Amino acid sequence: MEQNFFERVYTVVRKIPKGKVTSFGAIAKCVGATKSARMVGYALNSSKLMADVPAHRVVNRNGLLTGKSHFGDNNAMQSMLEEEGVPVKDLKVQDFREYFWDPGKS
DNA sequence: AGAGTGACCGTCA
DNA sequence: ATGACGGCCACTC
């Protein structure tokens, strides 16, 4: 147990390639908390305070930008993804499975 | 020390 | 197919 569960999440999220997105469940599983995807979001909550963690690339299983509320602006997260090349519609990633990136695959 | 909360996911009805 | 409930782990008050 190095440090906090959070750091693990950060590490994984930071590995997310640009123009790709991942799901909480995937991250949770990667860090070893398959059943606690919730805490992943919690970790990201702190991560959003860190510029090193592209939390906007992390969406829920449905490809929905759940955390947009926490980002501040509703279009902030969506815009960023679109900027990176991820088509987003109404805070929802289009072709989510295509843009989905597996953290463990790295 | 105890209780509450949280950017979720999976399953049952 | 849609709606609702529980579970799970860590953090904060």
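The values are calculated or read from the model by the stated rules, or taken from the named source; none is laboratory data. All values reported here derive from a predicted model rather than from experimental measurement. Cβ placement follows ideal geometry from the backbone for every residue including glycine, while neighbour counts extend to all protein chains displayed.
What are the residue pairs meeting all of these: first residue in the range A:18-37, first residue charged (D, E, K, R), second residue more than 9 Å from DNA strand B (Cβ to nearest atom) and in a helix (DSSP H, G or I), Cβ atoms under 7 Å, and 6 or more apart or on different chains?
A:LYS18/A:GLU84; A:LYS20/A:TYR99
A:VAL59: touching a Phe, Trp or Tyr at 6+ places or on another chain (Cβ under 6 Å), of a type outside the set (D, E, K, R) and modelled with pLDDT of 90 or more, yes or no? Don't jump to the end; show me each part of the working.
Details: touching a Phe, Trp or Tyr at 6+ places or on another chain (Cβ under 6 Å): no; of a type outside the set (D, E, K, R): yes; modelled with pLDDT of 90 or more: yes.
No; evaluated as a whole, the condition is false for this residue.
Criterion first (more than 12 Å from A:LYS18 (Cα to Cα) and either at pLDDT 90 or above or more than 12 Å from the chain's Cα centre (by Cα) (or both)) does A:LYS92 satisfy it? Give the steps one after another, and end with the answer.
On the way: more than 12 Å from A:LYS18 (Cα to Cα): yes; either at pLDDT 90 or above or more than 12 Å from the chain's Cα centre (by Cα) (or both): yes.
Yes: the conditions hold for A:LYS92.
Given chain A, what helices (runs of 4 or more DSSP H) lie entirely inside it while holding 1 or more residues that are among the charged types (D, E, K, R) and surrounded by 13 or more Cβ atoms within 10 Å (Cβ to Cβ)? Before you say what the answer is, go through the steps one by one.
Numbers: elements: A:5-15, A:24-31, A:37-47, A:68-71, A:74-84, A:96-99.
Result: A:5-15, A:24-31, A:68-71, A:74-84.
Evaluate the range A:45-61: report whether one residue or more is more than 16 Å from DNA strand C (Cβ to nearest atom) and among the polar types (S, T, N, Q).
There is no residue in the range A:45-61 that is more than 16 Å from DNA strand C (Cβ to nearest atom) and among the polar types (S, T, N, Q).
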